[in-house]
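Chemist: Here's a structure for you.
The values are calculated or read from the model by the stated rules, or taken from the named source; none is laboratory data. Please read all numbers here as calculations on a predicted model, not as lab measurements. Note that we place each Cβ from the backbone using ideal geometry, even for glycine, and neighbour counts take in every protein chain shown.
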Amino acid sequence: MTKQEMIKLLVLIESVYSSCITKDDTILHWFEFCSQMDYEKVLRKLHNHIRNSPYPPTMADISVFTSESNVFTETSVSRMKKEKEVLEQNRRINTWESLPAWLFEYTLR
């Protein structure tokens, strides 16, 4: 989001919530985070907030940060791939011959 887009959002908030006055500190804090947010997503959240709340939104209410990297997901995916490979290897190794003789009569061949 650009600074101009952020200013549009703050002007919209002030115009809808007449009791809300944006302070200089608030603008400076928004400037710090505006480059990390997607304008369209924030605007959608702001519109939703305006429809549902009689109170002005806080920064946390309408902020949407784009996730560049999710380490948990990456490690989970890599772990799942490794487990899948191990299961495939075990499936290839475990053939019908490795089953006990008594179990053959209960299995589909």
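Chemist: Name the residues in region 3-41 that are touching a helix residue (DSSP H, G or I) at 6+ places or on another chain (Cβ under 7 Å) and farther than 15 Å from T58 by Cα, would you?
Modeler: Correct list: K3, E5, Y39.
Chemist: If a residue must be at pLDDT 70 or above and in a loop (DSSP other than H, G, I, E, B), how many such residues does region 62-109 contain?
Modeler: Qualifying residue count for the region: 4.
Chemist: Hey, could you check region 32-59 for residues that are aromatic (F, W, Y) and modelled with pLDDT of 85 or more and say which is surrounded by the most Cβ atoms within 10 Å (Cβ to Cβ)? Can you show your working first?
Modeler: Start the filter on region 32-59 by keeping residues that are aromatic (F, W, Y), which leaves 33, 39, 55.
Applying the additional criterion that residues be modelled with pLDDT of 85 or more yields 39, 55.
Values: Y39: 16, Y55: 10.
Among residues in region 32-59 that are aromatic (F, W, Y) and modelled with pLDDT of 85 or more, the one surrounded by the most Cβ atoms within 10 Å (Cβ to Cβ) is Y39.
Chemist: Across region 1-30, what is the total count of residues that are at pLDDT 85 or above and aromatic (F, W, Y)?
Modeler: The number of residues fulfilling the criteria is 1.
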